[in-house]
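What follows is a set of notes on a single structure, which appears directly below.
The values are calculated or read from the model by the stated rules, or taken from the named source; none is laboratory data. The structure presented is a predicted model; accordingly, all values stated were derived computationally and were not measured. Cβ coordinates were reconstructed from backbone atoms using ideal geometry, including for glycine residues, and neighbour counts include every protein chain displayed. Remember, those area values only see protein heavy atoms, side chains included, never the ligands or the DNA or RNA. Shrake-Rupley method; radii C 1.70, N 1.55, O 1.52, S 1.80 Å.
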4 protein chains.
Amino acid sequence: MAVAELCLFPLGTESPSVGEYLKPVLKVIEDSGLKYQLCPMGTVVEGPVEEILELVKLCHEAILKAGAKRVVISLRIDDRTDKELTIEGKVRI
Amino acid sequence: MAVAELCLFPLGTESPSVGEYLKPVLKVIEDSGLKYQLCPMGTVVEGPVEEILELVKLCHEAILKAGAKRVVISLRIDDRTDKELTIEGKVRI
Amino acid sequence: MAVAELCLFPLGTESPSVGEYLKPVLKVIEDSGLKYQLCPMGTVVEGPVEEILELVKLCHEAILKAGAKRVVISLRIDDRTDKELTIEGKVRI
Amino acid sequence: MAVAELCLFPLGTESPSVGEYLKPVLKVIEDSGLKYQLCPMGTVVEGPVEEILELVKLCHEAILKAGAKRVVISLRIDDRTDKELTIEGKVRI
């Protein structure tokens, strides 16, 4: 399993509060079946890299559908082959 | 078209010089057919979000095949619906 | 207050397990007096932007002192002027 | 010398085109005296880590002064002690 952090920023939204654009994204993450944790600067997910990337695609579609005219998506994946990574195991710097 | 920056860091490589792990990744990017530009802090690619994510998957496979035991992949995508983004158009802050 | 996520990756460490390099960094964060939260993909801190940047400088020094020959530091700051951001308030996508 | 990539996204700007907020940021970077290169997904600067962090502080001030109500700042620094990093030397994956 890999662990990844995903963060989406809609640009050009009138208000600097962007929660309404992120609610449908969270719904997509919940529906994915992947283990996840909401963090202050993004959502952390655990799963195979292929499934994480598929989830990013669905989140991108969801935020555009929610009305975002422009979106910046930031993703950082940590994966290793010598042992399993998990959300719990990776609470660290 | 979206524009994205992709950066891969292999960890645990003995030497802090990691170019040997990145050459096969670059080969994958070249072979993708997507427009790209090598930058000092990563490689910038231009294309549909779906194809960019597919490319990330191939880069991940390539760096593990090159012997990386652990890899951190950083991806930032910029996409907008109101006009086309291009690598040339986005040389900015 | 701004909220920021900080993540340090030492490269060229022989082992893909890098916790020994990160312990002194965590000590620096604890000693900073800034409010912080350990997350799976990095440490989130809350404070004025100037103090967060000063903390990044100290973390950089600490990881080099811990023996890292190369380090990648990833920082993402979220700051707004219309209302206060806090770690608790920002648990979201 | 370290090499770093800096990217600022103003949120809540009504228009998804954010160039007007970034022009004063670019001016600050030019005035810093640090070597820099405009890239499609951010601006790359070369210099001591301490000076790069000082520059981030000035860019943050500049974008708020330009009217941004909220800003996300993304910074990635690459530093190594065994040899000098330069913008030219780092054009790679």
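Quick notes
- This model, with +1 at the C-beta of Lys and Arg and -1 at the C-beta of Asp and Glu, gives chain A a dipole about its Cα centre of some 320 debye.
- Chain C: C-alpha gyration tensor shape, a/c 1.5 cut-off, then a/b vs b/c: prolate
- Once the GluC sites (Glu not before Pro) in DSSP loops with at most 16 neighbouring Cβ atoms within 10 Å are cut out of chain B, the longest remaining piece is B:15-83.
- Residues of the stretch B:57-77 buried by at least 40 Å² on assembly (accessible area, 1.4 Å probe, chain alone as reference): B:LYS57, B:HIS60, B:LYS69, B:ARG70, B:VAL72, B:ILE73, B:LEU75, B:ARG76, B:ILE77
- C-alpha long axis of helix C:49-65 to longest principal axis of chain C, angle in °: 10
- A 1.4 Å probe run over the protein chains yields, for chain D, 37 Å² of accessible area per residue, whole-number rounding.
- Cα extents of the protein assembly as shown along the three principal axes, largest first (Å): 49, 38, 38
- Under the simplified labelling scheme, the B:LYS90-D:LEU58 pair shows an inter-label distance of 2.7 nm, with each label point 7 Å from Cα along Cα→Cβ.
- Residue (of D:GLY33, D:CYS59, D:GLY89) at the positive-pole extreme of chain D, dipole from beta-carbon charges: D:CYS59
- Given R0 = 51 Å, the distance between the Cβ atoms of B:LEU38 and C:GLU51 translates into a calculated FRET efficiency of 0.90.
- Restricting attention to chain B, lysine pairs at least eight places apart or on different chains and with alpha-carbon atoms under 22 angstrom apart total 13.
- Using a 7 Å Cα-to-Cβ projection, A:LYS23 label spacings across copies, nm, ascending: 3.8, 4.7, 5.3
- Sulfur and carbon atoms: percent of accessible area, chain B [1.4 Å]: 50
- In nanometres and ascending order, the distances from the D:LYS35 label point to those of the other copies are 2.9, 4.2, 4.5 (point 7 Å from Cα along Cα→Cβ).
- Listed residues B:ILE77, B:ILE63, B:ILE29, most fluctuating in chain B (Gaussian network, C-alpha, under 10 Å): B:ILE77
- Model label points for C:LYS27 and A:ASP31, set 7 angstrom from Cα along the Cα-to-Cβ axis, are 4.9 nm apart.
- In nanometers and ordered shortest first, the copy-to-copy spacing of the C:GLU51 label point, defined 7 Å from Cα toward Cβ, is 2.9, 4.1, 4.8.
- Peptide-level mean, for A:27-35, of C-beta atoms on other protein chains within 10 Å: 0
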